[in-house]
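Only one structure is covered here, and it is reproduced in the block below.
The values are calculated or read from the model by the stated rules, or taken from the named source; none is laboratory data. Everything quoted here is computed from the prediction, not taken from an experiment. Virtual Cβ from ideal backbone geometry, glycine too; neighbours counted across all protein chains shown.
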Protein chains: 4
Amino acid sequence: MSYENIPSGRPETLRVAVIGTGWIGAFHARSLADHIPGAQLYAVADPAEGRAAALAAEVGCPRATQRIEDVFEDEQVDAVVIGAPSAFHAQLISQAARAGKHIFCEKPTAHALSDLDAALAEIEDAKVVFQVGFNRRFSTDFAQAGQQVREGSVGQVQLLRSVTRDPAVVGGLSNPAGIRSHVIFTETLIHDFDALNWFNPGAKAIQVHAIADALVAPEHKETGLLDTAVVTVRYDNGAIAVAEANFSATYGYDVRGEIFGSGGMIQAGGPVQQTAGLFDAQGAHAETSRLNIDLFADAYRKQLEVFVRKVRGTQQGTADAALEVPGGSDARAALQIALAALESHESGLPVRLDAASRQAVAQ
Amino acid sequence: MSYENIPSGRPETLRVAVIGTGWIGAFHARSLADHIPGAQLYAVADPAEGRAAALAAEVGCPRATQRIEDVFEDEQVDAVVIGAPSAFHAQLISQAARAGKHIFCEKPTAHALSDLDAALAEIEDAKVVFQVGFNRRFSTDFAQAGQQVREGSVGQVQLLRSVTRDPAVVGGLSNPAGIRSHVIFTETLIHDFDALNWFNPGAKAIQVHAIADALVAPEHKETGLLDTAVVTVRYDNGAIAVAEANFSATYGYDVRGEIFGSGGMIQAGGPVQQTAGLFDAQGAHAETSRLNIDLFADAYRKQLEVFVRKVRGTQQGTADAALEVPGGSDARAALQIALAALESHESGLPVRLDAASRQAVAQ
Amino acid sequence: MSYENIPSGRPETLRVAVIGTGWIGAFHARSLADHIPGAQLYAVADPAEGRAAALAAEVGCPRATQRIEDVFEDEQVDAVVIGAPSAFHAQLISQAARAGKHIFCEKPTAHALSDLDAALAEIEDAKVVFQVGFNRRFSTDFAQAGQQVREGSVGQVQLLRSVTRDPAVVGGLSNPAGIRSHVIFTETLIHDFDALNWFNPGAKAIQVHAIADALVAPEHKETGLLDTAVVTVRYDNGAIAVAEANFSATYGYDVRGEIFGSGGMIQAGGPVQQTAGLFDAQGAHAETSRLNIDLFADAYRKQLEVFVRKVRGTQQGTADAALEVPGGSDARAALQIALAALESHESGLPVRLDAASRQAVAQ
Amino acid sequence: MSYENIPSGRPETLRVAVIGTGWIGAFHARSLADHIPGAQLYAVADPAEGRAAALAAEVGCPRATQRIEDVFEDEQVDAVVIGAPSAFHAQLISQAARAGKHIFCEKPTAHALSDLDAALAEIEDAKVVFQVGFNRRFSTDFAQAGQQVREGSVGQVQLLRSVTRDPAVVGGLSNPAGIRSHVIFTETLIHDFDALNWFNPGAKAIQVHAIADALVAPEHKETGLLDTAVVTVRYDNGAIAVAEANFSATYGYDVRGEIFGSGGMIQAGGPVQQTAGLFDAQGAHAETSRLNIDLFADAYRKQLEVFVRKVRGTQQGTADAALEVPGGSDARAALQIALAALESHESGLPVRLDAASRQAVAQ
C-alpha cells in the first residue's frame, strides 16, 4: 500500500454537550452524533438517574453525567444544547453564558420576561453565540418565504397567518389534565409568534387578542387545559396577523405560514410534503406527515448545522460568524406575545404590548 | 467533573474507501464523511495525480492514493464505493469482489452484458454485498410508490412511465460532441429502465423500441450526440412502458414515475418539491429543483445509509442483512434494456430481448 | 319534409324581471337571457334614464322600465332578481313580497336588522320563495365542502377560516374616499360570515372581534375607508372562526374556506383554478383568476338555476320546492355578524351577540 | 305599467338541427336547448323509431323526424350538428354541405381518408363552416396550453404527451367483444392525436408506432378488442410524441397533455379539477372527475358556442367569421395518425406517413 497521509484540511470539531434527555434533547443528541458536520457529541447531562448514560450509550457518546454543572466546568466543552424542561431554560442559559459556553436553547427560553432579560444580560456580557430553537426558519419552504418577503416579493405586509396543528399533544399524553393553560401559548404558539415576527421584518407587535378553549378534551377544561387557540396580533406597521393552534389534528402535523401584502402573497408549509400520489376508485390521495420530527427533520438538523457553523466562525473569525440566527431579541419578542395572549385569554380583552404597562386595553 | 465513561453501545464503524473523485465520487465521499451513520470514510483513491489527496483533505479523510489496488489490498477496508468512469466499473467490481470487499457501484455497472456477467460471477463467489446506485428507489415518494404497487394499490400493472429531464447535461458540458450515442441510454435512461422494472414487480421486459435524436444541440448530431429519447418497453405481463429523457430542461431537474393498473394510478416525482408558493401580479409561482443532487440529495445519502446497514448486518448476522437493495439482477435487467434501446435506435425497429438472439424483430 | 310536431314536455318558462343594472344586475340579466334553463328574462328595471333600455337591448329582453313598480304590478312577472344598491334592498324585498313575486336578492339584504326583519315578515306572509345571493354555496368545491362537513367528515367543528381578497375594489374605484366603513363588513365579509355559518351547521355566533384598517389606501383613512380586516367569531359550539378581507390582491381573486375539526380538515377555494401549468427557467407558474365573475361564473349562474328550479317546484308542487337555498335566517345571521364587526371595530372590543343587548362585552 | 318596448339588439338566433340521438347527440341537443347563446334547437333527427321525438319532447324542441333528409331540405335550418354513429359521418357531411348547411361533426369524421377527402371537397365547394368535435381545444387549461405554446413559452417543441384514460368504456358496455380493433385509435386516441398536432404548431407527423393489447378484458382479446395502447409519433420538426389510452381508469376520467421544449414545459388536464380537499386520519384526499361530460362539460358547450359565433359571423360578415376552430385539415391529420397506428399495431412495425405510400417502414 502506498497511501498518502492527509492532514485534515478541516478545523477541529466543535465539542457539544447536550443538557436534557427528553425527546427533543435525545433528538438533538442523535443529530449531533450522526448528522452535523463539524460537531462532536462530547457529553450528555441529565439529573435523572441513568438517563444521560443510557442516551450516551445509544448514540455513541463517551461521557455522561447527572451533574449539569460538569459541562459548564469542563473547558473542553465549546457549546451546549439545552433541551431540559422549559422551566429551567433561563437559569441554564445564565449558567452556560457565565461559563463562556456558546448556547443553543430550545423554546421557550423562559416563562417570564424578567427571567429572560436576566439571562440575555449574561449572554451580552459573555459575548457567546446564542440561538433559540425556532426551527421553522430553517425549513426549506419557510426559509424561502422569509427570504422572499425580505426581497420585497409581497411589498408592504398587510396580513399574516401562522398555523400549528399537532396530531397528538393531547391524545398522546397520559395526563392531559397536567397541561397548564400557558402551554398552548408558550410551548406551541411561540413558534407561530416567531414565524409571524420573522415574516414581518422590522415590525413590532403592539396588541394581542386571544380566544382559547378545551375543545379536544373538554373533560379536562376544569383543570386549565387549553387545546385550541386563535390569537390575533396587531403590528406597528399596520399588519394584522392570526396565529392558530390545535392539539389534535387527525391528519398529521400541519404547520403553515402565509404572508399577504401590497405586492402579492407567499405560502409555506402544509401537511402534504414529498409523497407519492395515489388515485383509485375513491379519488386522489396523498400521505400526510405525522410527526414534527418527520415534517421538520431537516429543519431540526439544519438549525444545528448553522449553529455549529456560526460558533466555529466566531471562534475562527470567519464570515460564518455573521450567519443570521434567531437570537435573544427574537426569543423575547415571541415570549412577549405568548404571555400577552395568556393574559388576553384570561381577561377576554385585547392586550396592548406597550413597554410601560402591558395592561389590558380596557379597564 | 464527575463524568461517567460510556462504552459505546454502537458497533464499530464500517471503513469505506471511495474510488473515483469525479462529481459523484466526491459527493459520496462528502456524504460518508459527514452524513452516514456507522460509516467512516477511510480512504480515497483516484489514479489522476493529486485528485484523491485534494478530496481527502477537503473532507477530512486521512488516506489518499493514486493506486486503486491499495484499497483492495488493505485489510482494514470493509467496503468500496465505486464512482469511477463507467467504462471501468465492471473490472473494478471484479477486483473488489475478489478482494472480499462489499461493493456499492454507480450506474451503469458495465457497458456490455458479458462484462457485467463476469463481474457478477465474482460477486457470487465472494458472497459480498453488491448494490448499484439506483438512488431513485430511495427517494421518499418513489419509495412509497414502490411499496404501494407491491401492496396492490394499482392492481394489475398496465401502463408505466418514467421521465428524466436533466437541466444541463449538454449546456453544462464543454464538449457535447464528445457525448457518444449510448450515453442517453446507458447513463441517463438506465435510471428510468430500473424504475420501470422496479414498478412492475416480477415482470420481464421483452421488447424495446427507441426514438432518439439531437434536438437540443442539432449542430452536434453528426458526431453521434443523442440528447432526446423516447423508449417504449413491452413487458411479459402485457404492461406497456414509456421512458423519456432530454438533456436540457430549462426549468430544472424533472424526474417522474407513473404506474397505472386495473386498480388505479400512482405518481411520484416532479420538478416542484418542498417550496414556498409565491402569488403576484403575474400569477402563481413555485421554485423548481435545479440539480439532481438537490432533488435527490436525501436519496443519494439514503442509499448509502442502507448499504452501510446491510453490510454491517451481513457482518454481524442481524436482520439488516436482508435489506432489499438494487443488486446484480437489477443492474443486468436495466442494462439489457439500455443496450436494446441503442440497437433499436440504430435499426429503427423494435428489438426483442429473447435470450437466444437479441436480434432486431424484423430483417 | 315530414317533421313530427312535438308538444313541449317542459313546463312554461319562468318570467323573471331584473331590478338594477349595475354590474351585478347586468350580469344576472345576461345569465337569465342565455344560460338559465327554464327562465325567461322578461323585463329590466332601473330608475336611471336609459339604463334599463340599454341593457334590455343588449341582452335581447323585450321590456324595460324606469319605474320599478311596473314589475311588481305586472301579473306576468313570476319572480324578481334584485341587483339594486344595497340601501334599497330591504324595501324592494318588502314590495316584491307584497306583490306576490318570488325573490332573489343580492347581498346584503339590508343595512339594519330591523329593516331586514320587516322585510322577512312580508316574505313570511306572502309565502314566496326568498333566496339571498350567497353564491359561494354553489361553487363546486365550496358545495362539496358544505356537504362533507354535514356528512361528518371533520367530526366536531373546532376551527374555521374564510378569506376574501379582492383584486381591485380600491384600485378600480374612482373614489375610494366614498367607501364607507361598513362596506368591508356588510358588502364583502358578509360572504365570509355566511360561509362560516354554513360550514358550522347548527351553531350560532355568540361573539365577534374585528380589527380593520386602511392599509391599501392609507391616504383615505380619514374618510373612513377600511380596506383590510380580520374578524374573529366565537360560536356557541365552541368553534373559533376567522374571516379576513383585503381590497387589493395583486394576484387575483382569492376566496378560500377551511374547516377543521376532531376528524380532519376540509379546504375549498383558492386563486388557482383550472389552468395550464407552465415551467420555465424561472420555475413553475400557473395563472390566477382575476375577477369574481370569472372565479365564480359557474356559481353565479348555478344559484340562479337553483332559484328558478325552486320557484317552479313551488309553483308546480314538485320536490324541487324543497331545494335548500340560503334564505332569510341565513341573511339575518350573516348581517348580524357584519354589524357586530363594525361595532367591534369602532369600540376596539369584542362584541357579544346576545339578542337582548348586543352591547360591547366590557364597559 | 309603462314598459318601453325594446327591439332586440341581437341578431336572429341560428336554427340548428341535431342528427343522431345517442348520448353525444342528446348532450349536444340539451346544450343547444339551454346553454348556447344565439342558437335555437330547431329540429332533431334520428332514423330509429321514436327516438328523435322522445329527445325533442324532453328538451323542448318543436320538431322531430326519422328522415334525416328533412333537415337538409329544410331552408329554415342554418346548421347541423352530426352526432350519428361515426360510420355515417363522411356521408352526412357531404349531404349537409351539398344542402348548404354549416356543419359541426363529431369525431371521427370518417373511417377512411378517401371518404373524408370526398366530404371535404363538398365542403370546399359549398363554402360552409366545418368544425370537428375536438372539444379538448376548448377546455380552459388545454386552451391556455395551446395559446402558450403559440406564444413561444416552451420554445422549440421537442417532446409531447397526450393521455386518455376512460373510466368505463369496457366496464360500462354490455358487449366489449363488439369493440373492434380500430376503436381505441379512431374513436378515443383521435382526440390525443389532434391534441398532439395542435400542441406542435406547423409540424407534420411523419412516423407512427403503436403497441396495443386487451389488458383490461383479456378474455375478449380474440375478438379483436384493444383496450390499452401506447402510440409514438415522430414529427417533421424532430419532436417525439407519445399518446396513451386505456379503457378502464378506476379513478375517473383522466385526460392530460404535456409539451416540452427548449424553453420549458406546459401541462394541462388531469383527474383532479375544482374540488374541496379533505384531510383525515388516512391522509389527504380529493375527488376525481368520473365522466367526460363532467370533466369536459364546459368544453363541450364552449365548442358549440364558438361554432355558433363563427357561423353567424360568416353569415353577417363580422370578425367572428375568422374564429379558429378545428376543421377539415385537422380532422384529416388526426385520422391519418389513427389509421397508421392501427396499421402499426397489425404489423408490429413503425409506419411512415409519406403521402405517396403509407407503407410499413420495413419490408
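Structure values in brief
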read-out	value
Tally of residues being closer than 14 Å to D:Asn237 by Cα and either part of a helix (DSSP H, G or I) or not aliphatic (A, V, I, L, M) (or both) across segment D:200-212	5
All positions within segment A:271-285 that are surrounded by 21 or more Cβ atoms within 10 Å (Cβ to Cβ) and small (Gly, Ala, Ser)	A:Ala276, A:Gly277, A:Ala284
Some residue of segment A:227-235 being over 28 Å from A:Val272 (Cβ atoms) and either of a type outside the set (Phe, Trp, Tyr) or within 11 Å of another protein chain (Cβ to nearest Cβ) (or both)	yes
Qualifying residue in segment C:250-264 (condition: in contact with a Pro (Cβ under 7 Å, 6 or more places away or on another chain) and free of Cβ contacts under 8 Å to residues at least 60 places away in the same chain)	no
Residues of segment D:286-301 that turn out to be touching a residue at least 60 places away in the same chain (Cβ under 8 Å) and either surrounded by fewer than 20 Cβ atoms within 10 Å (Cβ to Cβ) or hydroxyl-bearing (Ser, Thr, Tyr) (or both), as a count	5
Selection within segment B:195-210 - surrounded by 19 or more Cβ atoms within 10 Å (Cβ to Cβ) and without any contact (Cβ under 8 Å) to a residue 40 or more places away in the chain	none
Filter pass, B:Val242 being assigned to a strand (DSSP E or B), within 14 Å of chain C (Cβ to nearest Cβ), crowded, with 21+ Cβ neighbours inside 10 Å and under 19 Å from the mean Cα position of the chain (by Cα)	no
Subset of segment D:310-320 [more than 18 Å from the chain's Cα centre (by Cα) and away from every other protein chain (no Cβ under 14 Å)]	D:Val311, D:Gly313, D:Thr314, D:Gln315, D:Gln316, D:Gly317, D:Thr318, D:Ala319, D:Asp320
Test: B:Val216 is out of contact with any Pro (no Cβ under 8 Å at 6 or more places or on another chain) and part of a strand (DSSP E or B)	no
Any hit, segment B:78-101, residues being on the phi < 0 side of the Ramachandran plot, within 14 Å of chain A (Cβ to nearest Cβ), out of contact with any His (no Cβ under 6 Å at 6 or more places or on another chain) and among the small types (Gly, Ala, Ser)	yes
Output for segment B:61-77, where each listed residue is more than 28 Å from B:Ile179 (Cα to Cα) and crowded, with 17+ Cβ neighbours inside 10 Å	B:Cys61, B:Pro62, B:Arg63, B:Ala64, B:Thr65, B:Asp70, B:Val71, B:Phe72, B:Asp74, B:Val77
Selection status of B:Asn197, over 23 Å from the mean Cα position of the chain (by Cα), within 25 Å of B:Ser329 (Cβ to Cβ) and not charged (D, E, K, R)	no
Considering residues of segment C:11-37 that are part of a loop (DSSP other than H, G, I, E, B) and of a type in the set (Gly, Ala, Ser) only, the residue surrounded by the most Cβ atoms within 10 Å (Cβ to Cβ)	C:Gly20
Checking D:Gly133 against (1) closer than 15 Å to D:Gly327 by Cβ; (2) modelled with pLDDT under 95, the condition it does not meet	(2)
Flag for A:Asp330 being at pLDDT 95 or above and within 30 Å of C:Leu349 (Cα to Cα)	yes
Among residues of segment D:211-224, those that are more than 22 Å from the chain's Cα centre (by Cα) and in contact (Cβ under 8 Å) with a residue 12 or more places away in the chain, counted	9
First in segment C:89-117 and under 21 Å from C:Arg301 (Cβ atoms), second anywhere and of a type in the set (Phe, Trp, Tyr) and assigned to a strand (DSSP E or B), Cβ under 7 Å, 6 or more apart	C:Ile103/C:Phe130
Matching residues, segment B:51-77, being assigned to a loop (DSSP other than H, G, I, E, B), farther than 20 Å from B:Phe130 by Cβ and at the interface with another protein chain (Cβ under 9 Å from one of its Cβ atoms)	B:Gly60, B:Cys61, B:Pro62, B:Gln66, B:Arg67
Residue in segment B:38-46 that is free of Cβ contacts under 8 Å to residues at least 12 places away in the same chain and either over 21 Å from the mean Cα position of the chain (by Cα) or outside any helix (DSSP H, G or I) (or both) present	no
Breaking point among (1) more than 9 Å from every other protein chain (Cβ to nearest Cβ); (2) assigned to a strand (DSSP E or B); (3) within 21 Å of C:Gly263 (Cα to Cα), for C:Asn197	(2)
Single residue of segment C:230-239 satisfying the filter (touching a residue at least 60 places away in the same chain (Cβ under 8 Å) and part of a loop (DSSP other than H, G, I, E, B)) that is nearest to the chain's Cα centre (by Cα)	C:Ala239
Per-region count, segment C:319-338, residues assigned to a helix (DSSP H, G or I) and surrounded by fewer than 23 Cβ atoms within 10 Å (Cβ to Cβ)	10
Matching residues in segment B:259-275 - criterion: being modelled with pLDDT of 95 or more and of a type in the set (Ser, Thr, Tyr)	B:Ser262
Candidate set from segment A:38-50 (those that are surrounded by fewer than 20 Cβ atoms within 10 Å (Cβ to Cβ) and over 21 Å from A:Ser86 (Cβ atoms)); member that is nearest to the other protein chains (Cβ to nearest Cβ)	A:Gly38
Pairs, first more than 9 Å from every other protein chain (Cβ to nearest Cβ) in segment D:1-30, second part of a loop (DSSP other than H, G, I, E, B) and loosely packed, with under 15 Cβ neighbours inside 10 Å, C-beta under 9 Å, six or more apart	D:Arg15/D:Gln76; D:Gly20/D:Pro85; D:Thr21/D:Ala48; D:Gly22/D:Pro85
Conditions (1) in a strand (DSSP E or B); (2) more than 9 Å from chain B (Cβ to nearest Cβ); (3) of a type outside the set (A, V, I, L, M): number failed by A:Gly257	(2)
